[in-house]
Amino acid sequence: MTSPAPTPQELLKIAIEVARNAAETAHRMRAEGVSVAATKSTVTDVVTAADRAVERQVLDALAALRPDDSVLGEEYGGDAAGGPGSGVRWIVDPIDGTVNYLYGLPHSAVSLAAEVDGTVVAGVVRNISTGDEWTATAGGGAWRGGERLRCSTETDLGQALVATGFGYDPRRRAHQARVVVDLIPHVRDIRRLGAAAIDLCYAAEGRVDAYYEKGLAAWDLAAGGLVAREAGLRVDGLRGVPAGPDMVVAAPPALFEPLHARLADLDASGGP
């Protein structure tokens, strides 16, 4: 007999428990001292021992709690759509903002989301340094510290504080820098904090007005993207393409179209 599908609230409860424990491990390992364990796409795209230890902890915890589910993780991979008869897939970034984490900067997070039949329905982002925690369920709103989140009400792109990020490939960085040079005269200012999941959560609570970035993987976007959507942001790509590796734009409805138009004109999704 097939078990009933879990509710988003049930999945969120699991996600919060697992993410909190993982963030505690990451925080402890940072206090003990961390070093680079490997590099990925370039020599500046680092992996620490903590990234691997934290993801292994998450995988083990999920296997114990929901053994039929599948997991997509940044460090250990896996890409099945769900375990046998489960339809649930967990998407984990053990440490989003690894370079910040390595340097002791306070913008890194454990990000964990649950998909059901390909749709993200629950997610949590927990800041490793501060303990700030953002959560969301599909249709249930976005929350931090018991407060429901609402995105910025700014309507003028010229007054918008816009967050973004950069890839690790030097050619991509050069293209992204050119986009920023041409965009910054048309917005209040640009912020680059170095952790996509936190950027999305900051946009969800109006600490920045909007966010865009090329090159996000599923684990960068899943939990933070749900938090952003549930706070009222429109989260999409450019020119009708869904949010994904080519581009993510997260902005309040009044800002989305003018920001989208400017980024499209600047070919922000182009380049390497």
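The values are calculated or read from the model by the stated rules, or taken from the named source; none is laboratory data. In this text the structure is predicted, and so the values were computed from the model without any measurement. We place every Cβ from the backbone using ideal geometry, glycine too, and count neighbours over all the protein chains shown. Protein only, heavy atoms only, side chains kept; ligands, DNA and RNA dropped before computing areas. Shrake-Rupley method; radii C 1.70, N 1.55, O 1.52, S 1.80 Å.
Among the residues making up region 204-233, those that are closer than 24 Å to Gly118 by Cα and of a type in the set (A, V, I, L, M) are Ala204, Leu216, Ala217, Ala218, Leu221, Ala222, Ala223, Leu226, Val227, Ala228, Ala231, Leu233.
Scoring Gly232 on the criteria (1) assigned to a loop (DSSP other than H, G, I, E, B); (2) farther than 21 Å from Asn127 by Cβ; (3) without any contact (Cβ under 8 Å) to a residue 40 or more places away in the chain; (4) out of contact with any Asp or Glu (no Cβ under 9 Å at 6 or more places or on another chain) leaves a single failure, condition (3). Quick check, is Leu200 under 28 Å from Met29 (Cα atoms), in contact with a Gly (Cβ under 6 Å, 6 or more places away or on another chain) and either assigned to a strand (DSSP E or B) or at pLDDT 95 or above (or both)? Yes. Would it be correct to say that Arg144 is more than 20 Å from His107 (Cβ to Cβ) and at pLDDT 95 or above? Here the answer is no, as Arg144 does not meet what is asked. If you filter region 98-126 down to residues that are touching a Gly at 6+ places or on another chain (Cβ under 8 Å) and open to solvent by 10 Å² or more (accessible area, probe 1.4 Å), you find that the one that is farthest from Cys201 (Cα to Cα) is Asp117. Just one of the listed residues (Thr48, Thr137, Thr130) is within 20 Å of Ala231 (Cα to Cα) and more than 14 Å from the chain's Cα centre (by Cα), namely Thr137. Just for strands (runs of 3 or more DSSP E) wholly inside region 135-191: which have at least 2 residues that are crowded, with 18+ Cβ neighbours inside 10 Å, out of contact with any Lys or Arg (no Cβ under 7 Å at 6 or more places or on another chain) and among the small types (Gly, Ala, Ser)? Strands (runs of 3 or more DSSP E) meeting the threshold: none at all.
Condition first: buried (at least 24 other Cβ atoms within 10 Å of the Cβ) and either part of a loop (DSSP other than H, G, I, E, B) or out of contact with any Ser or Thr (no Cβ under 9 Å at 6 or more places or on another chain) (or both). Now tell me which residues in region 203-213 satisfy that. Matches in region 203-213: Ala204, Val208, Asp209.
Listed here are the strands (runs of 3 or more DSSP E) enclosed by region 1-86 that have at least 1 residues being at pLDDT 95 or above: 70-73.
Considering Leu226, Leu216, the condition of being open to solvent by less than 50 Å² (accessible area, probe 1.4 Å), within 28 Å of Ser129 (Cα to Cα) and part of a loop (DSSP other than H, G, I, E, B) is satisfied by Leu216 alone.
Here Arg239 fulfils each of the conditions (1) in a loop (DSSP other than H, G, I, E, B); (2) open to solvent by less than 40 Å² (accessible area, probe 1.4 Å) apart from (2). Here is the figure for region 103-158: residues that are more than 25 Å from Trp90 (Cα to Cα) and touching an Asp or Glu at 6+ places or on another chain (Cβ under 8 Å) total 4. Checked against (1) crowded, with 22+ Cβ neighbours inside 10 Å; (2) at pLDDT below 95; (3) not basic (Lys, Arg), Pro272 meets all criteria but (1).
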